[in-house]
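Input: a single structure, listed below in structure tokens.
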Amino acid sequence: YDQSMRVLKQIMDSGALGDIVFAQIDMHAIPHWQSFLEDYDRLTLANMSVHHLDVLRFLFGDPDEITTLTRKDPRTRFDHSDGITVSTLRFPSGVLAVSLEDVWSGPRQDGYKDDQHINWRV
């Protein structure tokens, strides 16, 4: 796991953040250097979402419910099923979490300045 997530878990376990009720991941990045993904039938789920779901499990345990919606990204030049994903999770503690990934969305022109980011909120 990412060191920052380990530290977050320690802070949460210490009680310093009080009762956790909600967590959110918002990721926007275009991994254009990973050309092998053109062979995947699922882009975002297999490449990024799986890691975010693992971190949420690390922080909050196994969820009781998960709902994920996906759609194709019309700007991606090869066939795929999930360029954009939204996952909602409910944990036994009552914590709700949302993971938003538009890993493949965004302009594809060379030289375009893009707002690539991953933001976490607990």
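Bear in mind that the values in this text are calculations on the coordinates, not laboratory data. Here the structure is a predicted model, which means the values were calculated and not measured. All Cβ positions, even for glycine, are placed from backbone atoms using ideal geometry, and neighbour counts span all protein chains on display.
Using the Cα gyration tensor of region 11-62, with a ≥ b ≥ c the square roots of its eigenvalues, what is the shape: rounded (a/c below 1.5), prolate (a/b larger than b/c) or oblate (neither)? Prolate shape, in that a/c is at least 1.5 and a/b is the bigger ratio. Computing FRET efficiency as 1/(1 + (r/R0)^6) for residue 78 and residue 98, where r is the C-beta to C-beta distance and R0 is 30 Å, gives about 0.60. Stokes-Einstein diffusion of region 21-109 at 25 °C, 0.890 mPa s viscosity, Kirkwood radius from Cα pairs, rounded to a whole number: 181 µm²/s. Tell me which of 74, 60, 21 sits at the most positive position along the dipole axis of region 21-109, charges placed on C-beta atoms (Lys, Arg +1; Asp, Glu -1). Going by the charge dipole, the pick is 74. At full extension, residue 24 and residue 46 could sit 6.0 nm farther apart than now, given 0.36 nm per residue minus the alpha carbon distance. Between residue 2 and residue 88, the modelled label-to-label distance comes to 2.4 nm, taking each label 7 Å out from Cα in the direction of the beta carbon. Calculated FRET efficiency, residue 65 to residue 9, Cβ-Cβ distance, R0 = 22 Å: about 0.50 to the nearest 0.05.
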